[in-house]
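The block underneath contains the structure these notes are about, expressed in structure tokens.
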Amino acid sequence: MSETPKWASEPFWKKVAVWVTAGSFLILVILTFDTLEQTKAGGKRVPAYSVINKKIDYQFDKKLNKFMPVIGGEELLFGKIFTEEEAEQLVTLGKKTTQAKNCMNCHTLLGNGAYYAPDLTKAWLDQGWLTVDLREEQMLKFLMDPEKNARTFGTGRKMPNLDITEEEARGVVAFLKWMSSIDTNGFPYNFTTIYAEDD
Amino acid sequence: MTNMSANPETVTENTSALKNKLQALHSWAAVDDSTLNDGQKLAVKYFMGAVILFIFQILFGLLAAAQFIAPNFLYEILDFSVNRMVHINAMILWMLYGFIGCTYWLLEDESGTEIAGLKFGVLGFWVLSAAITVVVLVYLLVQTGAGNDTTLWLINEGREYIEAPRWADIGIVIVMLIFFYNVVMTFSKGKWSGIAGVLTLDLVALAGLYLAGMFYMTNITHEQFWWWWVIHLWVEATWEVLVGVIMAWSLMTILGVSRKIVTTWLYIEVALMFGSGILGLGHHYFWIGTPEYWLTIGGFFSALEPIPLVAMVVHAVYDSGERGFKNMNHPAMAWLIAHAFGNFFGAGVWGFMHTLPQINLYTHGTQWSASHGHLAFFGAYATINIAFFYIAIQHWRGNVWMGADSPNSWRWKWALALLNIGVLGMTIALLIAGYEQSFIERAIGGSTWGGYFAAQTHPSFMTAMHWRMLFGWVTATGLGLLVWDLLTIGKGETRKAEVITHSE
């Protein structure tokens, strides 16, 4: 029997396993601190909740060579200006409603979830709401009575009635509007927003 | 276990009735408890729980798949969201049950001593099973709640894979701590080995990571960031290492591979698995609002992720080939080989195919992910758990011969074939659907709702969904056969299994 060379020995690989694991985890922790700092609500990548008072669009940026959220001037939600706290409260209600109603097991949010229903990442900007003026009302009506207001585009798939109250529906709309303002590194690509025809 | 609030007398009555039924089942199945040590007795409880949850997984998977074809089926009774949630939750839980069972199974043999804290372990099993029953009943009967914290605490947290309400989260953590206590105290009392060390550290990580998913955050970028700490770091790091441990132990047991070889391989696999898997987490951080450096880090490390899986295939095939595929448990060995290849193709190749950012921009959030998910979870985790069920049942029937020439061996062979063909068929069907979706919805349709529905109604998508349904039935048939086989294999067999000598 020949001696096991060092590179094939048990103690060598034990050390490698420990150091590689510890090293990778340390890098992950450092990057986590940085990422959480850069993605605080109110930062550059994830806007403050009061962005729901503004016009949000999503357009191709030639310099960056990717699609970027474009935050414009005032465009009130439900005809009202929300303070930072009020906006956070409403978005929180909306986010909790999306969890309480289990939206993610049909829809995707930021591309994560199930694939039975459309992605909600930029749902606020979708042309499916027909016009900018009709959008809010359409969304509220749809959320509160999805069966009667369903447009299934020939799939036959309808959202079930989830007993969403009007207040919760407003929260969901605010949440979707806020989510559409997040810089998602160009995802989804080639998206045509509801504002496209105005330009 | 649903009447937890009933008075103590009924509980005692129910328990003894349950015990009688279990006894009847034991004698019918010709299993012999005296062949098991205490850890193994606890393990078979988990294995039975795992098989029951496996059946639930497939059942609700069939319902969800049917709704793609007939959307009105069970509309507003059991909607897709409910079926799909039960489908994926049952999958995670049966795999966890399987892993916990495997650990309890090897604990006494590996440590050379009796299990520590057995009472707590048994209590933990019943608490966990009761909790799961309640959670599932709430999922099915209550389904959703108002948009407030009460719902998140009592009904559903609404986040894919970790939907369990918060009270159950806390319960799961307590049960995991008991499990961890059993493992560590047993090894401390007996002897430590390389396998024991890797297992213990892996369980620390597994239990610790679950905590990252227990908080509510309005900032969805932060929330999904931590959510992936649980999902990815479980499935693509700690679970992979756990199956490495189980594989190492299984190869020693049924092939007689030397401990030195499996331990060295195990360390190599840990180094590669954590070295690629921890930062491979970045492939989930491309599009959720996180900084751009994740595109590079995630792309690079996730491309490395298949490498440890190649090591695993080499390991398994080399070890069995070296012994001329001579082993004492043919079905278990067949499933271990299925695991080696399934893990490599499902987790490795299928994962790699769509995690480069340039590709993922179009495939993220399409049936592509479902295709990868099906083959990866089956190939990496279902297979090795099934292999272990066969190791356990052989022992439980008094270590009888279980070979390719046994009576009724067609059952395990057909179960093996049907389950693998079924899952592979679903994977290919979903892959076709995913390609079509990436092309029509994403590339052409710009990911609008119009683009989404154009893809969902396209004939090639609908055809793929029909194929998926068909192969779902094949899978279900395979599962039926598997359960039948596990209940009967080796029954009445008088030949003893060959004794495998360790070449230490």
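Which value in Å does the Kirkwood hydrodynamic radius of region B:88-217 take, with 1/r averaged over all unlike C-alpha pairs and then inverted?
After inverting the pairwise mean of 1/r, the radius is 15.8 Å.
Got a sec? Charge dipole of chain B, +1 on Cβ for Lys and Arg, -1 for Asp and Glu; which of B:G365, B:Y210, B:G422 is way out at the positive end?
The residue sitting most towards the positive pole is B:G422.
For chain B, report the convex hull volume of the alpha-carbon atoms normalised per residue, in Å³, without decimals.
So the per-residue Cα hull volume is 147 Å³.
Which whole-angstrom value gives the distance between the alpha carbon centres of region B:382-454 and region B:164-218?
Region B:382-454 and region B:164-218 have Cα centres separated by 28 Å.
Using the alpha carbon gyration tensor of region B:1-101, what are the three equivalent-ellipsoid semi-axes (square root of 5 times each eigenvalue), largest first, in whole Å?
So the three semi-axes of region B:1-101 are 33, 19, 12 Å.
Pairs A:K54/A:K148; A:K40/A:K96; B:K41/B:K119; A:K14/B:K326; A:K96/A:K141: which are spaced more than 22 Å apart, C-alpha to C-alpha?
As for pairs spanning more than 22 Å Cα to Cα, those are A:K54/A:K148; A:K14/B:K326.
At R0 = 45 Å, how high is the FRET efficiency between B:I359 and B:L74 if r is their beta carbon distance? Nearest 0.05 is fine.
0.80
Report the equivalent ellipsoid semi-axes for chain A in whole Å, largest first, defined as the square roots of five times the eigenvalues of the gyration tensor built from alpha carbon atoms. Can you show the working numbers first?
Details: eigenvalues 355, 91, 63 Å².
Computed over chain A, the values are 42, 21, 18 Å.
Averaging over every viewing direction, what projected area does the convex hull of the Cα atoms of region B:28-173 cover, in nm²?
10.7
Note the angle between two axes, namely the Cα long axis of helix B:459-488 and the longest principal axis of the Cα atoms of chain B, as a number of degrees from 0 to 90, rounded to the nearest 10.
10
Give the shape of the protein assembly as shown as rounded, prolate or oblate, defined through the alpha-carbon gyration tensor: a ≥ b ≥ c are the square roots of its eigenvalues, a/c under 1.5 means rounded, and otherwise the shape is prolate if a/b is larger than b/c and oblate if not. Before the final figure, lay out the partial values.
Details: a/c = 1.86, a/b = 1.62, b/c = 1.15.
The shape class here is prolate.
Can you tell me the orientation of helix A:84-100 relative to chain A, as the angle in degrees between its alpha-carbon axis and the longest Cα principal axis, to the nearest 10?
Compared with the principal axis, the helix lies near 70 degrees.
Let me make sure I get this right: for region B:173-259, a, b and c are the square roots of the gyration tensor eigenvalues over alpha carbons, sorted descending. Under 1.5 in a/c it's rounded, otherwise prolate if a/b > b/c, else oblate. Which is it?
Here region B:173-259 falls in the oblate category.
Taking the beta-carbon count within 10 Å as an exposure proxy, list B:W234, B:W414 from fewest neighbours to most.
B:W414, B:W234
Between region B:302-339 and region A:74-111, what is the C-alpha centre distance in whole Å?
Each part's Cα centre sits 49 Å from the other's.
If you average the sequence gap of Cα pairs under 8 Å that are 6 or more apart and divide by the length of chain B, what percent do you get for the contact order?
Values: 714 pairs, mean separation 74.7, N = 504.
In percent, rounded to a whole number, it is 15.
Write down Rg/Rh for region A:49-107, rounded to two decimals, with Rg from the C-alpha atoms and Rh from the Kirkwood relation over Cα pairs.
Expressed as Rg/Rh, it is 1.09.
Could you compute Rg(Cα) / (2.2 N^0.38 Å) for region B:366-423, with N its residue count?
1.41
Starting from the Cα of A:F78, step 7 Å toward the Cβ, then list every residue of region A:12-56 with an amide N under 14 Å from that point.
A:52-53
Tell me the mean residue ellipticity at 222 nm calculated for chain B from its helices only (DSSP H runs of n ≥ 4, each -39500 (n - 2.57), averaged over every residue, nearest 500).
Calculated mean residue ellipticity at 222 nm is -24000 deg cm²/dmol.
What percent does the relative contact order of region B:305-458 come to when contacts are Cα pairs within less than 8 Å and at least six residues apart?
Here the relative contact order equals 27 percent.
Sort B:T475, A:T192 by Cβ crowding within 10 Å, fewest neighbours at the top.
Working: B:T475 24, A:T192 18.
So the ranking, lowest neighbour count to highest, is A:T192, B:T475.
So if I place +1 on the C-beta of Lys and Arg and -1 on the C-beta of Asp and Glu, and nothing else carries charge, what would the dipole magnitude of region B:222-365 be about its Cα centre? I want it in debye, nearest 20.
500
For region A:65-72, take each phi angle, set θ = phi - 60°, evaluate the Karplus expression 6.51 cos²θ - 1.76 cosθ + 1.60, and give the result in whole Hz per residue in order, putting x for glycine and proline.
Along region A:65-72, the couplings run 6, 7, 7, 10, x, 10, 8, x Hz.
Read-outs: derived from the displayed coordinates by stated rules, not from any lab. A quick note: this is a predicted structure, and the numbers were derived from the prediction, not measured. Because the Cβ atoms are built from the backbone with ideal geometry, glycine has one as well, and the counts that use them run over all protein chains shown.
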